[in-house]
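J.: Please see the structure below; I have some questions.
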Amino acid sequence: VCVAEDHSAPAEPSNAIAAVDIDGAGHRTLVEGNDFYANPRLNPDGSCLAYLTWNHPNMPWEGCELHVAILDAAGTVASDQLVAGGPSESILQPEWSPDGILHFVSDASGWWNIYRWESGVRQALCPMEAEFGQPLWILGASTYGFVTADRMLCCYSQAGIDHLAWIAASDLRLIPIELPCTSIDMVRCSPDMAVYIGAAPDGPSAIYSLATGHKPQTTLPGV
(Lines give C-alpha, C1' and ligand atoms only; values in the text may rest on other atoms or scores of the structure.)
Protein backbone atom coordinates (compact mmCIF):
# COMPACT_ATOMS: atom_id res chain seq x y z
CA VAL A 1 0.00 0.00 0.00
CA CYS A 2 1.52 3.32 -1.05
CA VAL A 3 0.95 6.93 -2.05
CA ALA A 4 0.69 7.19 -5.85
CA GLU A 5 1.17 10.40 -7.84
CA ASP A 6 -0.10 10.46 -11.43
CA HIS A 7 1.57 12.86 -13.87
CA SER A 8 -0.16 11.57 -17.01
CA ALA A 9 -2.61 14.49 -17.33
CA PRO A 10 -1.46 17.99 -18.36
CA ALA A 11 -2.98 19.53 -15.23
CA GLU A 12 -1.59 19.30 -11.68
CA PRO A 13 -0.61 15.71 -10.78
CA SER A 14 -3.29 13.73 -8.96
CA ASN A 15 -2.60 11.83 -5.76
CA ALA A 16 -4.19 8.70 -4.34
CA ILE A 17 -3.55 5.72 -2.12
CA ALA A 18 -2.98 2.56 -4.13
CA ALA A 19 -2.48 -1.13 -3.49
CA VAL A 20 0.35 -2.67 -5.51
CA ASP A 21 0.50 -6.43 -6.10
CA ILE A 22 3.94 -7.63 -4.99
CA ASP A 23 3.91 -10.31 -7.71
CA GLY A 24 3.84 -7.57 -10.37
CA ALA A 25 0.28 -8.29 -11.47
CA GLY A 26 -0.76 -4.66 -11.24
CA HIS A 27 -2.22 -2.09 -8.89
CA ARG A 28 -5.56 -0.58 -7.92
CA THR A 29 -6.64 2.71 -6.37
CA LEU A 30 -8.03 2.48 -2.84
CA VAL A 31 -8.64 6.14 -1.92
CA GLU A 32 -8.75 9.23 -4.15
CA GLY A 33 -10.46 12.60 -4.56
CA ASN A 34 -8.38 14.89 -2.34
CA ASP A 35 -5.28 16.85 -3.31
CA PHE A 36 -2.74 15.05 -1.11
CA TYR A 37 -2.28 11.79 0.82
CA ALA A 38 0.36 10.49 3.21
CA ASN A 39 1.19 7.74 5.71
CA PRO A 40 -1.03 4.83 4.61
CA ARG A 41 -0.84 2.25 7.41
CA LEU A 42 -2.54 -1.16 7.55
CA ASN A 43 -3.52 -2.55 10.93
CA PRO A 44 -1.99 -5.89 12.00
CA ASP A 45 -4.72 -8.09 10.48
CA GLY A 46 -5.05 -6.03 7.29
CA SER A 47 -8.71 -5.14 7.82
CA CYS A 48 -8.25 -1.38 8.31
CA LEU A 49 -6.25 1.30 6.55
CA ALA A 50 -5.30 4.55 8.31
CA TYR A 51 -4.10 7.49 6.22
CA LEU A 52 -3.65 11.27 6.18
CA THR A 53 -5.16 13.61 3.60
CA TRP A 54 -5.43 17.35 2.99
CA ASN A 55 -6.35 19.86 0.30
CA HIS A 56 -5.13 23.17 -1.06
CA PRO A 57 -4.41 25.74 0.30
CA ASN A 58 -3.48 23.92 3.54
CA MET A 59 -0.08 22.51 4.25
CA PRO A 60 -0.23 19.38 6.45
CA TRP A 61 1.32 21.16 9.44
CA GLU A 62 -1.56 23.68 9.28
CA GLY A 63 -4.44 21.24 8.95
CA CYS A 64 -5.09 17.74 7.65
CA GLU A 65 -7.37 14.78 8.34
CA LEU A 66 -6.80 11.28 9.68
CA HIS A 67 -9.13 8.67 8.20
CA VAL A 68 -9.63 4.97 8.82
CA ALA A 69 -10.97 2.90 5.92
CA ILE A 70 -12.50 -0.54 6.52
CA LEU A 71 -11.35 -3.03 3.89
CA ASP A 72 -13.46 -5.94 2.65
CA ALA A 73 -12.25 -9.48 1.92
CA ALA A 74 -11.06 -8.39 -1.55
CA GLY A 75 -8.95 -5.58 -0.07
CA THR A 76 -11.11 -2.74 -1.37
CA VAL A 77 -12.56 0.06 0.75
CA ALA A 78 -15.97 -0.81 2.19
CA SER A 79 -16.36 2.30 4.38
CA ASP A 80 -14.35 5.32 5.46
CA GLN A 81 -14.39 7.27 8.73
CA LEU A 82 -12.86 10.61 9.73
CA VAL A 83 -11.04 10.01 13.02
CA ALA A 84 -9.30 13.31 13.77
CA GLY A 85 -8.07 16.53 12.23
CA GLY A 86 -9.52 19.29 10.10
CA PRO A 87 -8.58 22.65 8.57
CA SER A 88 -6.93 23.87 11.78
CA GLU A 89 -5.70 20.61 13.38
CA SER A 90 -2.47 19.00 12.22
CA ILE A 91 -2.15 15.20 12.42
CA LEU A 92 1.11 13.29 12.01
CA GLN A 93 2.36 9.70 11.86
CA PRO A 94 -0.63 7.40 12.30
CA GLU A 95 0.59 4.00 13.53
CA TRP A 96 -1.13 0.83 14.73
CA SER A 97 0.15 -0.79 17.91
CA PRO A 98 0.90 -4.54 17.76
CA ASP A 99 -2.52 -5.18 19.35
CA GLY A 100 -4.34 -3.07 16.75
CA ILE A 101 -4.91 0.27 18.50
CA LEU A 102 -4.47 3.37 16.34
CA HIS A 103 -2.02 6.02 17.56
CA PHE A 104 -1.19 9.40 16.04
CA VAL A 105 0.28 12.82 16.80
CA SER A 106 -2.07 15.84 16.96
CA ASP A 107 -1.64 19.53 17.78
CA ALA A 108 -5.23 19.88 19.05
CA SER A 109 -3.89 21.17 22.39
CA GLY A 110 -1.52 23.62 20.71
CA TRP A 111 1.34 21.11 21.06
CA TRP A 112 2.02 18.02 18.97
CA ASN A 113 1.23 15.27 21.48
CA ILE A 114 0.68 11.52 21.01
CA TYR A 115 -2.90 10.21 21.10
CA ARG A 116 -4.54 6.83 20.77
CA TRP A 117 -7.95 6.11 19.27
CA GLU A 118 -9.92 3.13 20.51
CA SER A 119 -13.64 2.36 20.15
CA GLY A 120 -14.25 5.85 18.80
CA VAL A 121 -12.57 7.60 21.75
CA ARG A 122 -9.30 9.54 21.53
CA GLN A 123 -6.96 9.92 24.48
CA ALA A 124 -3.72 11.84 24.95
CA LEU A 125 -1.02 9.52 26.25
CA CYS A 126 1.29 11.98 28.03
CA PRO A 127 -0.02 15.54 27.60
CA MET A 128 2.94 17.93 27.72
CA GLU A 129 4.00 21.36 26.52
CA ALA A 130 6.37 19.66 24.10
CA GLU A 131 6.45 18.69 20.45
CA PHE A 132 6.24 14.94 19.80
CA GLY A 133 6.09 15.63 16.06
CA GLN A 134 7.69 17.65 13.32
CA PRO A 135 6.39 19.30 10.14
CA LEU A 136 5.57 16.85 7.36
CA TRP A 137 8.28 18.12 5.00
CA ILE A 138 8.88 14.58 3.69
CA LEU A 139 7.05 11.25 3.82
CA GLY A 140 8.23 8.71 6.36
CA ALA A 141 9.30 10.90 9.28
CA SER A 142 8.99 9.04 12.58
CA THR A 143 9.10 10.34 16.15
CA TYR A 144 7.82 7.23 17.91
CA GLY A 145 7.52 3.49 17.51
CA PHE A 146 6.30 0.37 19.30
CA VAL A 147 8.61 -2.12 20.96
CA THR A 148 5.66 -4.07 22.40
CA ALA A 149 1.92 -3.41 22.60
CA ASP A 150 2.51 -1.73 25.97
CA ARG A 151 5.84 -0.02 25.39
CA MET A 152 6.70 2.80 23.01
CA LEU A 153 9.88 4.73 22.33
CA CYS A 154 9.42 8.39 21.40
CA CYS A 155 11.36 11.58 20.91
CA TYR A 156 10.10 15.05 21.75
CA SER A 157 11.40 18.60 21.62
CA GLN A 158 11.20 20.94 24.59
CA ALA A 159 12.90 24.34 24.89
CA GLY A 160 14.82 23.64 21.70
CA ILE A 161 16.32 20.35 22.92
CA ASP A 162 15.28 16.88 21.73
CA HIS A 163 14.75 14.09 24.24
CA LEU A 164 14.22 10.34 24.00
CA ALA A 165 11.79 8.54 26.33
CA TRP A 166 9.83 5.38 26.92
CA ILE A 167 6.04 5.52 27.21
CA ALA A 168 4.27 2.76 29.11
CA ALA A 169 0.83 2.63 27.48
CA SER A 170 -0.81 0.74 30.34
CA ASP A 171 -0.35 3.51 32.91
CA LEU A 172 0.65 6.42 30.61
CA ARG A 173 4.05 6.94 32.24
CA LEU A 174 6.78 8.79 30.35
CA ILE A 175 10.28 7.67 31.34
CA PRO A 176 13.08 9.91 29.97
CA ILE A 177 16.33 8.33 28.77
CA GLU A 178 19.59 10.11 29.57
CA LEU A 179 21.47 10.79 26.32
CA PRO A 180 24.30 13.01 25.09
CA CYS A 181 22.22 13.77 21.98
CA THR A 182 20.35 17.06 21.71
CA SER A 183 18.91 16.34 18.24
CA ILE A 184 16.97 13.10 17.64
CA ASP A 185 15.12 11.97 14.52
CA MET A 186 13.82 8.94 12.60
CA VAL A 187 12.91 6.65 15.49
CA ARG A 188 12.39 3.05 14.34
CA CYS A 189 11.51 0.14 16.61
CA SER A 190 11.37 -3.65 16.58
CA PRO A 191 10.51 -6.03 19.44
CA ASP A 192 14.11 -6.22 20.67
CA MET A 193 15.83 -3.09 19.34
CA ALA A 194 15.24 0.52 18.41
CA VAL A 195 17.35 2.78 16.19
CA TYR A 196 17.38 6.52 15.68
CA ILE A 197 19.51 9.33 14.25
CA GLY A 198 21.09 11.41 16.98
CA ALA A 199 23.50 14.34 17.13
CA ALA A 200 25.25 16.28 19.89
CA PRO A 201 26.75 19.78 19.91
CA ASP A 202 30.30 18.37 19.86
CA GLY A 203 29.94 15.83 17.04
CA PRO A 204 28.20 14.85 13.80
CA SER A 205 24.96 12.92 13.53
CA ALA A 206 25.10 9.14 13.81
CA ILE A 207 22.78 6.14 13.85
CA TYR A 208 22.25 4.78 17.37
CA SER A 209 20.76 1.51 18.56
CA LEU A 210 18.93 1.05 21.83
CA ALA A 211 18.01 -2.22 23.55
CA THR A 212 15.76 -2.42 26.60
CA GLY A 213 17.84 -1.93 29.74
CA HIS A 214 20.99 -0.99 27.84
CA LYS A 215 22.73 2.27 27.05
CA PRO A 216 22.54 3.53 23.44
CA GLN A 217 25.35 2.39 21.18
CA THR A 218 26.52 4.09 17.99
CA THR A 219 26.14 1.61 15.14
CA LEU A 220 27.08 3.77 12.18
CA PRO A 221 29.03 7.05 12.27
CA GLY A 222 27.65 10.11 10.58
CA VAL A 223 29.24 11.43 7.43
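The values are calculated or read from the model by the stated rules, or taken from the named source; none is laboratory data. Computed from a predicted structure; not experimentally measured. Note: ideal-geometry Cβ built from the backbone for every residue, glycine included; neighbour counts use all protein chains shown. Only protein heavy atoms, including side chains, enter the accessible area calculation; ligands, DNA and RNA are left aside. Shrake-Rupley method; radii C 1.70, N 1.55, O 1.52, S 1.80 Å.
J.: Going through the range 151-200 one residue at a time, which ones are within 17 Å of the chain's Cα centre (by Cα), open to solvent by 30 Å² or more (accessible area, probe 1.4 Å) and on the phi < 0 side of the Ramachandran plot?
T.: ARG151, SER157, ASP185, ARG188, CYS189, SER190, VAL195, ILE197, listed by residue number.
J.: Across the range 161-184, which residue is farthest from LEU102 (Cα to Cα) among those that are hydroxyl-bearing (Ser, Thr, Tyr) and in a loop (DSSP other than H, G, I, E, B)?
T.: The qualifying residue farthest from LEU102 (Cα to Cα) is THR182.
J.: Collect the residues in the range 111-141 that are in contact with a Phe, Trp or Tyr (Cβ under 9 Å, 6 or more places away or on another chain), touching a residue at least 24 places away in the same chain (Cβ under 8 Å), part of a loop (DSSP other than H, G, I, E, B) and under 22 Å from ALA50 (Cβ atoms), keeping them in residue-number order.
T.: Scanning the range 111-141 gives LEU125, CYS126, PHE132, GLY133, GLN134, PRO135, LEU136.
J.: Give me the pairs: first residue in the range 10-24 and closer than 17 Å to TRP54 by Cα, second residue among the hydroxyl-bearing types (Ser, Thr, Tyr) and exposed (fewer than 13 other Cβ atoms within 10 Å of the Cβ), beta-carbon distance under 9 Å, and six or more apart or on different chains, which are they?
T.: Between residues of the range 10-24 that are closer than 17 Å to TRP54 by Cα and residues that are among the hydroxyl-bearing types (Ser, Thr, Tyr) and exposed (fewer than 13 other Cβ atoms within 10 Å of the Cβ), the close pairs are SER14/SER8.
J.: Before we move on, is VAL1 touching a strand residue (DSSP E or B) at 6+ places or on another chain (Cβ under 6 Å), surrounded by 20 or more Cβ atoms within 10 Å (Cβ to Cβ) and at pLDDT 95 or above?
T.: Answer is no for this residue.
J.: Here's a follow-up. Considering the range 69-84 alone, what residues qualify as being out of contact with any Phe, Trp or Tyr (no Cβ under 8 Å at 6 or more places or on another chain) and surrounded by 11 or more Cβ atoms within 10 Å (Cβ to Cβ)?
T.: Across the range 69-84, the qualifying residues are ILE70, LEU71, GLY75, THR76, VAL77, ALA78, ASP80, GLN81, LEU82.
J.: Further question on the same structure: Open to solvent by less than 50 Å² (accessible area, probe 1.4 Å) and touching a strand residue (DSSP E or B) at 6+ places or on another chain (Cβ under 6 Å), is that true of ILE17?
T.: Spelling it out, ILE17 is indeed open to solvent by less than 50 Å² (accessible area, probe 1.4 Å) and touching a strand residue (DSSP E or B) at 6+ places or on another chain (Cβ under 6 Å).
J.: Could you pull out the residue among SER88, SER106 that is open to solvent by 30 Å² or more (accessible area, probe 1.4 Å) and free of Cβ contacts under 8 Å to residues at least 60 places away in the same chain?
T.: SER88
J.: Any idea how many residues of the range 142-160 are closer than 15 Å to TRP112 by Cα and in a strand (DSSP E or B)?
T.: Looking only at that region, the number is 6.
J.: Looking for whichever is under 27 Å from HIS67 (Cα atoms), modelled with pLDDT of 95 or more and not hydroxyl-bearing (Ser, Thr, Tyr) here; the options are ALA199, ALA130, ALA149. Which one fits?
T.: Being under 27 Å from HIS67 (Cα atoms), modelled with pLDDT of 95 or more and not hydroxyl-bearing (Ser, Thr, Tyr) holds for just one of ALA199, ALA130, ALA149, which is ALA130.
J.: Consider SER106 against the criteria (1) more than 16 Å from the chain's Cα centre (by Cα); (2) closer than 14 Å to TRP61 by Cα: it satisfies all of them except one. Which criterion is unmet?
T.: Unmet for SER106, out of (1) more than 16 Å from the chain's Cα centre (by Cα); (2) closer than 14 Å to TRP61 by Cα: (1).
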